[in-house]
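Below is one structure, written out as structure tokens; the observations come after it.
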Amino acid sequence: MDAHTTSPRVAIVTGGSRGLGRVMALALRAAGYAVTITASGASAALDEVVAEAAELPGGAELLLPMVADVSDPKRAQEVVDATVQRFGGVHALVNNAGRGMRLVSETFTTDPVHFWDVPAATWAQIIDTNVNGPFVMSQAVMPLFLAQREGRIVNVSTSAQTMIRPGYAPYGPSKAALEAMTRSWATDLAGSGVTVNLLLPGGAADTELLPSGPDRKGADGNLLAPDVMAAPAVWLCSPDSALVSGARVIAKLWDPALPDAEAFTAASAPHVVAG
Ligand SMILES: NC(=O)c1ccc[n+]([C@@H]2O[C@H](COP(=O)([O-])OP(=O)(O)OC[C@H]3O[C@@H](n4cnc5c(N)ncnc54)[C@H](OP(=O)(O)O)[C@@H]3O)[C@@H](O)[C@H]2O)c1
């Protein structure tokens, strides 16, 4: 709950219908947030998150599902407006929606695709979701965040190796752009009360971003449970992380048994885009 009112804090989680977004949305709901989730299309998965949220204290009333493509500025604004209308405000935005290399090839993990063989339309689709999406969603919440002198933006990124791994373009480079955006935005936001941070699983996670079957594993052979995102996402959205901006947090290193500040220190990683 908000420290000054009985209204719940409010979060928007893009791409909340499955995978990491589903975990973060339900963790925020369980932590008492009212949550809007988005997906680019209607799906049984989206309906299932609504049903799961209905089982939590506060029930279905505190979860708003919206079909909205993050790369569409008009829909981004409509997501923010609908959230304000339903819940009375927005305190946190988790830019999680992402498109991966399966759009390029179902066998990208075993047969890397050269960048020149990636169809231009597919390249644009991935960049639209992974780079332009966080921009238009963040732009839509910023007037609200600046006016209330409080807000949390959490940008979901990937491991440094993935950004430059052969056959991972444009997915890898799209996340390198997101990391550069985050660092630059943190500088813009200094002193505003609004924070922006990076959160990444710290390896391949067991979601539909990766092919199904035996090829669903990371380059190191491991596969993380999506649940690793829950505790750090909730903390980064909370008032407790007010002094943290421009950080890069590796979810698998977050130990929920530790006090949050200690867990944050242990899970903080150096920037990929340094300077
Ligand atoms: N899984 C991993 O190993 C891993 C590792 C590092 C980082 N990540 C990042 O984690 C984030 C979540 O990915 P995930 O692994 O959970 O993948 P996922 O299971 O494929 O989920 C992606 C989510 O984003 C939604 N989405 C995709 N494009 C969208 C768009 N244009 N507008 C609105 N929603 C959209 C999807 O719903 P619809 O398809 O219905 O639109 C779905 O809800 C991504 O940013 C990804 O890059 C994943």
### Query
Got a sec? Which of Arg183, Arg152 is in contact (Cβ under 8 Å) with a residue 40 or more places away in the chain, closer than 28 Å to Thr265 by Cβ, more than 11 Å from the ligand (Cβ to nearest atom) and in contact with a Cys (Cβ under 9 Å, 6 or more places away or on another chain)?
Arg152
### Task
Please enumerate the residues belonging to region 203-244 that are without any contact (Cβ under 8 Å) to a residue 60 or more places away in the chain, crowded, with 21+ Cβ neighbours inside 10 Å and farther than 14 Å from Gly21 by Cα.
Gly203, Ala204, Trp235
### Task
Taking Ala76 as the residue in question, decide whether it is within 18 Å of Gly151 (Cα to Cα), surrounded by fewer than 20 Cβ atoms within 10 Å (Cβ to Cβ) and touching a residue at least 24 places away in the same chain (Cβ under 8 Å).
no
#### Entry: The listed residue being part of a loop (DSSP other than H, G, I, E, B) and within 15 Å of the chain's Cα centre (by Cα), out of Ser7, Ser17
Ser17
### Residues being within 16 Å of Cys237 (Cβ to Cβ) and in contact with a Phe, Trp or Tyr (Cβ under 8 Å, 6 or more places away or on another chain) - total across region 141-175
2
### Odd one out for Glu106 among (1) closer than 23 Å to Gly41 by Cα; (2) surrounded by 15 or more Cβ atoms within 10 Å (Cβ to Cβ)
(2)
### Task
For region 191-213, name all the residues that are assigned to a loop (DSSP other than H, G, I, E, B), modelled with pLDDT of 95 or more, within 21 Å of Tyr171 (Cβ to Cβ) and among the small types (Gly, Ala, Ser).
Gly202, Gly203, Ala204
### Query
So how many residues does region 44-59 have that are surrounded by 14 or more Cβ atoms within 10 Å (Cβ to Cβ) and either in contact with a Gly (Cβ under 9 Å, 6 or more places away or on another chain) or of a type in the set (Gly, Ala, Ser) (or both)?
6
### Query
For region 214-244, which residues satisfy the criterion of being assigned to a loop (DSSP other than H, G, I, E, B), at pLDDT 95 or above and not hydrophobic (A, V, I, L, M, F, W, C)?
Ser238
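The values are calculated or read from the model by the stated rules, or taken from the named source; none is laboratory data. Not measured: the values here are computed from a predicted model. Ideal geometry is used to build each Cβ from the backbone, glycine not excepted, and the neighbour counts take in all protein chains shown.
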